[in-house]
Every structure is written in C-alpha cells, then in structure tokens.
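The values are calculated or read from the model by the stated rules, or taken from the named source; none is laboratory data. Fair warning: this is a prediction, and the values are worked out from it, not measured in the lab. Positions of Cβ are generated from backbone atoms using ideal geometry, with glycine treated the same way; all protein chains shown enter the neighbour counts.
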Amino acid sequence: MDILIIGSGGREHALAIGFSESESVNNIHVAPGNVGTSKIAQNHDVDILQIQEIHSLACELGVDLVVIGPEGPLVEGVADNLIASGIPCFGPTLRWANLEGSKKFAKEIMEELGIPTANYEELSQISENYDILNKFDPPWVIKRDVLASGKGVTVTHSKKIAVSAIDNAIESDGRVLVEEYLEGEEASILVIMDESDYICLPPSQDHKRLKDSDEGPNTGGMGAYAPAPVVTSSILRRVEEEIVQPIHSFLKNQTNPYRGCLYVGIMIDNEGAPRVVEFNVRFGDPETQVTVPLISSDIGELFFSAATGNLSNANVNFHDFSSATVVLASKNYPSKPVIGDKISGNDVFIEEGEIRAFIHYAGTKINDQGNYVSSGGRVLSATGIAPTLNEAVEAAYQIINNIELKDSQHRSDIGFRAFERRI
Ligand code: AMP
Ligand code: GLY
C-alpha cells in the first residue's frame, strides 16, 4: 500500500522509518515532512491545518492510508473529512480528538467512566482572591483548557505565579482548570485502538523538563526510553483494567469509534496505583522514536488494521530490546528558540553487532548552501536501540556528543530513573 503521513517532527520521521521497513508498504509520502523523511519518502509542502489541502493531496496520490502525527489536524477534523471520502485514516475524528483538545472534556469522560485521575475545579471568572487555591495543597497545578503543545500547564509552589497563570488563562481562553497535584513517577502508555481491539505498546518514559534531574521548564519532551521499568507487569495490568479497558469499551460503542493511538499519560504513586495525567490522541514525541523501533511485526499492517476496524486480526510482536532517544534543542528552547544555526557532525550512525543508533530529524533543514541548519525548537534526537538500556543510552550519547550546534541544549541524564531503580 501507499501511505501518507501528516506532520514534520521526529515522531513522523520515526513513523516513516517504521513504514520503510514494512513489507506491506510500497510508497511513503509525508506532508510536510522534514530533512529526515526526505531521504526515505517523498515530502509534500502543504498546510496541514487545511482540511482541503490534505484531502486533495491524499486523493491526488491515491494513498491507501493516511496517518496523522500531530494533534492540530485532528482537532481541525481532518480525520472526519478523510473518512467521509472513504480514505482509511489512522487518527480519531474531531469528537474524540477533544480528549486532548479539551482537558475538561477528558475529565468529564474519566469521571463518567470512573477512571482514576486528579480532582479538579474549573474557573472562568477573574477575581482578586482565588479561594480555590486554599482547597488544594501546593504545589498548585494550573491547566489551560486548550492545545498548548505540552506547555499549557503551570506547576508551582508560589501563590503569586499560580494566580497569574489563572488570570492569564482566563483572559486568553475564558476558563482554566486548577488540579490536584499528583505525586509519583510518570510514564507514557501508547495504546493503538479501534472498535475491535486495543494493543498497549511497550511503556515509555518521557523527560518533560528542560534540564537534568527534572529541573527547569516543561518542554515538548527532551528525551525518552522504553520499556520503562517503572511500569511493572502488575502496574501495566492495573493500567489496562482501570484505564484502558473502560475507555476502550466506551469508545468502541460510539458511532464513530476511535481508530488511532490513544496516549495515556499516567502518574504512578508509591503504592503502584496509576492515575491519568493526560490523554493525547496521537503518538507521543519523543516516545514514538523509542517505541516504533521496538515493534518487530509489520507496522504497515498494524496501522492499516486499526484504521479499518480490523485490529483484532493484526499480528503484533515486539523486539526484546531497549531504546533511548536524546533530544538536541536550540538555544532558548522552549521560550524563544533561536533558529538558523549550522549543524555539523550529524552524518553518523552506529551499527555494532546488535547495537544501532541513528538520528531522528525534527526542526532541521538544509539551506541554499547545502548545509544543515536548525529550523525549530527541538532540532533532532539521537536514538539508540540495543539489547540493554545502558547500551542504548550510550549509543545515543555517542551520536549526540559528536554533533555541533551553537549553544544547543540536551539533557545528559536520559534514562536516569530506570538506572536509579536498579541501584
Ligand atoms: P499535561 O500537558 O497535562 O501532560 O501536563 C504536562 C506535565 O505537567 C505533565 O507531564 C506532568 O509532568 C505535569 N502535570 C500535569 N498535571 C499534573 C498533576 N495533576 N500533578 C502533577 N504533575 C502534573
Ligand atoms: N512527549 C509528550 C507528548 O508527546 O505529548
């Protein structure tokens, strides 16, 4: 089959690599794609928030499947439009895209289904004195109820910062959620689902803070690894029973059932109880870079099955390997990334026995002089895949440490929670 992937990040590069290794996939198209995807697929320059542009491209190319990477097009209703034209689409319709687009909508559904998550209250009136802050113990968690690329959450011990986050959110969005702070360790469970079945991919752990030891501001994600040992098999069973099965039973009985990936972000407390921090309606970035390489069966068949309601017939297997990815970000990411700087040392990969490492490109482009330059906040990530996590992390850092980009930022402790666990 021929596939069109929508998006331009490291996630889409990882998906394109996965499809390029799939026996059931013939041609891969990516819109708009990036430097990485241009090497293994055909890029198409379209505005991915324009439903008609995606529709026309899919029809013109005659693709058999469209895979939507980011949340933006899903919240615009791109899946609804493709499905109405009979084009199989991996990614949910607008109604279910709201599980990510509106934290309040997600909370209401979780409440209805009894899915464990943080308590919350909604505010829509600016006031001098937010009594609500006295109802929750600090640190306070203030969440905007809009898409904010993982940057719409303020977690703070300062009442002043909490109040200003509330004021700003109400001013710009008309409302805001104040949420109970959840203690514990986070993990990401990517669940492929349709009305016939669901499949939990190997659990991963993102590193959302900019700096080592989980310090600094929240970002889109500075690195990830999989499988994450914090999600033991008994915790994974609880995640399935208490979260995945209730939401899957609910979604599979809807007129437009959910077909795509549901990203379940969880917090695991010290008794091993999982609670939902967030739902996303897509693959995670950078979690995809460490999860897709662990799928040993044909991913073209897997995605097509889910997009056509036949997931229960798909054959899915995983490699018994570990993977890690280290993100290289531009200067001043995430607030005001500086772009346009030259990148060098990136033409490398590692293949030593069972150890592999290579680059997933994101905000990188080739300029008119033929040089690699940064063009976004998260520029690229180096991904290692190996029999052990130690080897995977080492291989990823071997590549990252070879790359030069002026004042770039990367974390030097990817995987630290897994390593601490073993001490
Ligand atoms: P979200 O966009 O909802 O994923 O939030 C971004 C990040 O903020 C999460 O990955 C957590 O690290 C943190 N966070 C969000 N909600 C909570 C919460 N209720 N308790 C503790 N941390 C949270
Ligand atoms: N890495 C977090 C996300 O994709 O939302």
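Highlighted here are the strands (runs of 3 or more DSSP E) found entirely within region 310-423 that include at least 3 residues which are in contact (Cβ under 8 Å) with a residue 60 or more places away in the chain and buried (at least 20 other Cβ atoms within 10 Å of the Cβ): 322-329, 355-361, 378-386. For Ile40, the requirement of being in a helix (DSSP H, G or I) and either of a type outside the set (D, E, K, R) or over 16 Å from Leu302 (Cβ atoms) (or both) is not met.
Looking only at region 155-169, decide whether some residue is within 11 Å of ligand 1 (Cβ to nearest atom), out of contact with any Cys (no Cβ under 8 Å at 6 or more places or on another chain) and basic (Lys, Arg). There is no residue in region 155-169 that is within 11 Å of ligand 1 (Cβ to nearest atom), out of contact with any Cys (no Cβ under 8 Å at 6 or more places or on another chain) and basic (Lys, Arg).
The condition (being more than 24 Å from Leu262 (Cα to Cα) and among the hydroxyl-bearing types (Ser, Thr, Tyr)) is satisfied by just one residue among Ser196, Ser149, Ser188, Ser127: Ser127. The number of residues in region 248-292 being away from ligand 1 (no atom under 16 Å from the Cβ) and under 19 Å from Phe105 (Cβ atoms) comes to 13. Looking across region 175-224, the residues that are part of a loop (DSSP other than H, G, I, E, B), away from ligand 1 (no atom under 14 Å from the Cβ) and crowded, with 23+ Cβ neighbours inside 10 Å come down to Asp194, Leu201, Pro203. Among the numbered conditions (1) more than 16 Å from ligand 1 (Cβ to nearest atom); (2) more than 29 Å from Pro246 (Cα to Cα); (3) modelled with pLDDT of 95 or more; (4) not aromatic (Phe, Trp, Tyr), the only one that Val327 does not meet is (1). One residue alone among Val163, Val155, Val176 is closer than 25 Å to Arg282 by Cα and either charged (D, E, K, R) or out of contact with any Pro (no Cβ under 9 Å at 6 or more places or on another chain) (or both), and that residue is Val176. Screening the candidates Ile40, Ile54, Ile17 for the property of being without any contact (Cβ under 8 Å) to a residue 60 or more places away in the chain, of a type outside the set (Lys, Arg), at negative phi and surrounded by fewer than 24 Cβ atoms within 10 Å (Cβ to Cβ) yields one hit, Ile40.
Of all helices (runs of 4 or more DSSP H) completely enclosed by region 62-162, which ones contain at least 3 residues that are on the phi < 0 side of the Ramachandran plot and within 16 Å of ligand 2 (Cβ to nearest atom)?
Working: elements: 71-76, 78-84, 94-101, 103-113, 132-135.
Result: 71-76, 94-101.
Suppose the filter is within 16 Å of ligand 2 (Cβ to nearest atom), closer than 29 Å to Thr93 by Cα and either part of a helix (DSSP H, G or I) or in contact with a strand residue (DSSP E or B) (Cβ under 8 Å, 6 or more places away or on another chain) (or both); does Ala169 pass it? Show your work before the answer.
On the way: within 16 Å of ligand 2 (Cβ to nearest atom): no; closer than 29 Å to Thr93 by Cα: yes; either part of a helix (DSSP H, G or I) or in contact with a strand residue (DSSP E or B) (Cβ under 8 Å, 6 or more places away or on another chain) (or both): yes.
It is false that Ala169 is within 16 Å of ligand 2 (Cβ to nearest atom), closer than 29 Å to Thr93 by Cα and either part of a helix (DSSP H, G or I) or in contact with a strand residue (DSSP E or B) (Cβ under 8 Å, 6 or more places away or on another chain) (or both).
What are the residues in region 239-249 that are over 17 Å from Leu190 (Cβ atoms) and touching a residue at least 60 places away in the same chain (Cβ under 8 Å), if any?
First, the residues of region 239-249 that are over 17 Å from Leu190 (Cβ atoms): 241-242, 246, 249.
Within region 239-249, Glu242, Pro246 meet the criteria.
Counting only residues that are closer than 16 Å to Val155 by Cβ and polar (S, T, N, Q), region 119-145 holds 1 of them.
Of everything in region 226-238, what is away from ligand 1 (no atom under 16 Å from the Cβ) and either in contact (Cβ under 8 Å) with a residue 24 or more places away in the chain or touching a Phe, Trp or Tyr at 6+ places or on another chain (Cβ under 6 Å) (or both)? Give them in sequence order.
Ala226, Pro227, Pro229, Thr232, Ser234, Ile235, Leu236, Arg238
When the helices (runs of 4 or more DSSP H) confined to region 232-295 are screened for residues that are acidic (Asp, Glu) and surrounded by 15 or more Cβ atoms within 10 Å (Cβ to Cβ), those reaching at least 1 such residues are found at 287-291.
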